[in-house]
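**Q** The structure's right below; bear with me while I get my questions together.
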Amino acid sequence: MRCKPHAIALAAAAAVLSTGAIAQDAGLPTFAFSGFGTVGIVQTDTDLAEYGIAGQPKGATKTADAGVDSKLGVQGTVTFNPMFSATAQLLSKRNWESKWTPELEWGFVKAKINDTFTARVGRMGTPYFMVSDFRNVGYANTWIRPPLEVYNQVPVPTFDGADLLISHTFGDVNVNAQLYGGRSKAELPGGAVVKAKDLFGFAVTAEVGPVTLRAGHAQTKLDVDSQRLDTVLGGLRALGAAGLADEMSVDGKGASFSGIGASLDWNNVIGSVEYTWRRTEAYLADTAGWSALGGYRIGTFTPYVQYASLRQKSKTSVGSPTPSAVLNAGANALYADVGQDSTALGLRWDAYKNVAIKAQYDRVKTHDNGNGQFINPKPGFGSDAVNVFAVAVDFVW
């Protein structure tokens, strides 16, 4: 398998699209359907916390869990003519309520203005990361899951709005740019709702032979509806710590997210590196996350190694701002260090056409005995590194 990852991700869809060529030539709308999925199992060596992805209410412990990585997606596209088309994608995975209710991940109308400009309106994936467009398509990626140290920083996978795609070739360099704007919302465990309004940003990629370079930036205004947060803020104001409450409040506070990255697909060598940073004007931590992956194809097998790190760049506690130990604990918990480091070893086996079997081992260490990106931590967690074991089967059709 020597295709670039984005080419692999679209292979099944392209095959289906070709079947509608006759109808398109006849001037009739054409329909295309494709899909993807992952069946995965994850297990760790601790019961003091759970390993999961942002937005999930629970995860894996010493008891194996099939809900961390497993998912199923289906996508349909109707092409009305060479200019206009519409696409919808439904995705089922463990959500904030620990349910598997299918949700609209993509749903937009597209107008191909010419070979350079394309406009879309509707719901689209937030283009914050290198593999944002296909991070749910496990088959398109070497790893089992994107590194949490980078991709957990923004738990808002979609936005509602519009974008403009620009594509142009300068000699041997293919450049693709995206300008976008709109708003987004995500529901998190515990009933919290994160809203991003006045969202706008850009992403640019440049392909030069086997190398792809990427840069992106987004800005927004945040609102967070959270009973836990409201309780802490109300208590702080009642005890005379209104300044701290205003600082922690998220209502209308500015936030930004930026990233740069590069990937390599040359002969049998694959690699990628990505560096990202998040900044907010509220209690939500300022963070910097980065990851690097390297692998080598040996026939149908691809062994790989990956390192990832998430650093908190803002304060991790407020000390004891009030006489209330309970309020102090609540405020400090909101500021707690979310950083961690992980090293992963993995193996991908392209066992069949459009089917990949993967195994991955992660060793994760949180910072300063904190909780890092783990879910539902118990007293005593954080002093030791956690070993995470996972196997998965990825497929597309």
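The values are calculated or read from the model by the stated rules, or taken from the named source; none is laboratory data. Fair warning: this is a prediction, and the values are worked out from it, not measured in the lab. Neighbour counts run over all protein chains shown; Cβ positions are idealised from the backbone, glycine included.
**Q** Among the residues of the stretch 59-97, what is the count of those that are touching a strand residue (DSSP E or B) at 6+ places or on another chain (Cβ under 6 Å), closer than 30 Å to Arg363 by Cα and modelled with pLDDT of 95 or more?
**A** 15
**Q** What's the number of the only condition in (1) in contact with a strand residue (DSSP E or B) (Cβ under 7 Å, 6 or more places away or on another chain); (2) part of a helix (DSSP H, G or I) that Gly190 fails to meet?
**A** Evaluating Gly190 over (1) in contact with a strand residue (DSSP E or B) (Cβ under 7 Å, 6 or more places away or on another chain); (2) part of a helix (DSSP H, G or I) leaves (1) as the failure.
**Q** A follow-up question, please. Since Lys315 meets every condition but one in (1) exposed (fewer than 15 other Cβ atoms within 10 Å of the Cβ); (2) charged (D, E, K, R); (3) in contact (Cβ under 8 Å) with a residue 40 or more places away in the chain, which condition does it not meet?
**A** Only one criterion in (1) exposed (fewer than 15 other Cβ atoms within 10 Å of the Cβ); (2) charged (D, E, K, R); (3) in contact (Cβ under 8 Å) with a residue 40 or more places away in the chain is unmet by Lys315, namely (3).
**Q** Then there's this: Filter the stretch 270-294 down to the residues that are farther than 24 Å from Asn332 by Cβ and in contact (Cβ under 8 Å) with a residue 40 or more places away in the chain and list them by number.
**A** Answer for the stretch 270-294, where residues must be farther than 24 Å from Asn332 by Cβ and in contact (Cβ under 8 Å) with a residue 40 or more places away in the chain: Ile270, Ser272, Glu274, Thr276, Trp290, Ser291, Leu293.
**Q** Let me ask you something else. If I go through the stretch 130-161 residue by residue, how many of them are outside any loop (DSSP other than H, G, I, E, B), within 29 Å of Lys110 (Cα to Cα) and not small (Gly, Ala, Ser)?
**A** Matching residues across the stretch 130-161 total 7.
**Q** Could we say that Val388 is in a strand (DSSP E or B), at pLDDT 95 or above and surrounded by fewer than 18 Cβ atoms within 10 Å (Cβ to Cβ) here?
**A** No; evaluated as a whole, the condition is false for this residue.
**Q** Starting from residues that are in a loop (DSSP other than H, G, I, E, B), of a type outside the set (A, V, I, L, M) and out of contact with any Phe, Trp or Tyr (no Cβ under 9 Å at 6 or more places or on another chain), keep the ones in the stretch 77-96 and report whichever is nearest to Ser34 (Cα to Cα).
**A** Filtering the stretch 77-96 for residues that are in a loop (DSSP other than H, G, I, E, B), of a type outside the set (A, V, I, L, M) and out of contact with any Phe, Trp or Tyr (no Cβ under 9 Å at 6 or more places or on another chain), the one nearest to Ser34 (Cα to Cα) comes out as Phe80.
**Q** Among the listed residues Val39, Val121, Val68, Val74, identify the single one that is surrounded by 22 or more Cβ atoms within 10 Å (Cβ to Cβ) and either in a strand (DSSP E or B) or within 22 Å of the chain's Cα centre (by Cα) (or both).
**A** Val68
**Q** Still on this structure, please answer the following. Report, by residue number, each residue of the stretch 317-358 that is small (Gly, Ala, Ser), more than 30 Å from Thr280 (Cβ to Cβ) and under 20 Å from the mean Cα position of the chain (by Cα).
**A** Gly346
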